[in-house]
1. Please identify the pairs in which a residue from region 151-166 that is farther than 11 Å from Pro26 by Cα has its Cβ atom under 8 Å from the Cβ atom of a residue that is of a type outside the set (Gly, Ala, Ser) and at pLDDT below 95, counting only partners at least 6 apart or on another chain.
2. So, in region 65-91, how many residues would count as being open to solvent by less than 60 Å² (accessible area, probe 1.4 Å), part of a loop (DSSP other than H, G, I, E, B), closer than 25 Å to Ile15 by Cα and in contact with a helix residue (DSSP H, G or I) (Cβ under 9 Å, 6 or more places away or on another chain)?
3. Please work out which residue is surrounded by the most Cβ atoms within 10 Å (Cβ to Cβ), limiting yourself to region 28-42 and to residues that are farther than 22 Å from Ala150 by Cβ and of a type outside the set (A, V, I, L, M, F, W, C).
4. So which residues in region 92-108 are part of a loop (DSSP other than H, G, I, E, B), closer than 25 Å to Pro19 by Cβ and either of a type in the set (Gly, Ala, Ser) or free of Cβ contacts under 8 Å to residues at least 24 places away in the same chain (or both), if there are any at all?
5. Determine the pairs where a residue that is touching a residue at least 24 places away in the same chain (Cβ under 8 Å), located within region 22-40, has a partner that is open to solvent by 40 Å² or more (accessible area, probe 1.4 Å) and polar (S, T, N, Q) with Cβ atoms under 9 Å apart, the partner being 6 or more residues away or on another chain.
6. Here is a list: Thr45, Thr25. Which entry is open to solvent by less than 40 Å² (accessible area, probe 1.4 Å) and either part of a loop (DSSP other than H, G, I, E, B) or not small (Gly, Ala, Ser) (or both)?
Amino acid sequence: MPGGICQYGDEGRPIRIRPLYWSATPLTCQAGKPLTDVNHEEAATIAARLGGRLPTSAEWEWMAAGPQRRRYPWGDQPWQPHLANLRDSGLGHPGLVGSHPDGATPLGLLDVAGTVWEWTASTLMGGGAIIRGGSFASPPLYAQCTFLNAAPLELRSRGIGLRVVREA
């Protein structure tokens with residue numbers, strides 16, 4: 001993905017993002033399900049073993065929103081069940097990675113919104129890390145590209161996975 005200036009967050013704070021290579025989906029495990037139940041340290045270790053790292057929150061937002069500052073990874077169209085696995089789609093679990101191709105970013109990254117939250121490398125005072133993207137249990141508001149959430153570093157959840165990024 002090309003680099004540029006991310007207008008980060010609802011305030012649009014400019015942050016320079018370098019060109020990066022991204023995993024096209026959250027990492028998967030058995031039968032095409034997202035890899036979950038890993039805490040932040042384990043997620044970072046897995047990303048490093050694969051030759052990458054966890055993205056920062058700003059990098060994640062740049063990937064999701066692009067230079068156009070899309071509201072959702074797929075564009076500005078409001079959420080509908082065929083775009084992402086969110087709470088109101090009724091699935092009730094992470095589901096298969098890649099099963100919502102209509103919700104892909106213009107560059108083809110899948111499941112950026114919904115399915116599972118994604119750990120980022122951005123940590124917070126007090127021992128948490130920013131997670132992005134919403135999960136199968138999240139309302140559509142949480143799928144917006146600027147929406148931030150946080151989780152304790154030690155948390156293991158079937159609703160949190162990871163995506164790997166590597167320097168271009």
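The values are calculated or read from the model by the stated rules, or taken from the named source; none is laboratory data. Note that the structure is a prediction, hence the values are computed from the model and not measured. Positions of Cβ are generated from backbone atoms using ideal geometry, with glycine treated the same way; all protein chains shown enter the neighbour counts. The protein model used for the area step is the full one, side chains on, heavy atoms only, and it has no ligands, DNA or RNA in it. Shrake-Rupley method; radii C 1.70, N 1.55, O 1.52, S 1.80 Å.
1. Arg158/His93; Arg158/Pro94; Gly159/Pro94
2. First pass over region 65-91, keeping only residues open to solvent by less than 60 Å² (accessible area, probe 1.4 Å): 65-66, 70, 72-75, 79, 83-86, 89.
Subsequent filtering for residues that are part of a loop (DSSP other than H, G, I, E, B) retains 66, 70, 73-74, 79, 83-86.
From what is left, the residues that are closer than 25 Å to Ile15 by Cα are 66, 70, 73-74.
Within this subset, residues satisfying the condition of being in contact with a helix residue (DSSP H, G or I) (Cβ under 9 Å, 6 or more places away or on another chain) are 70, 73-74.
Of the residues in region 65-91, 3 are open to solvent by less than 60 Å² (accessible area, probe 1.4 Å), part of a loop (DSSP other than H, G, I, E, B), closer than 25 Å to Ile15 by Cα and in contact with a helix residue (DSSP H, G or I) (Cβ under 9 Å, 6 or more places away or on another chain).
3. Lys33
4. Gly98, Ala104, Gly108
5. Correct list of pairs: Gly32/Ser99; Pro34/Thr28; Leu35/Thr28; Val38/Thr45; His40/Thr123.
6. Matching residue, one of Thr45, Thr25: Thr25.
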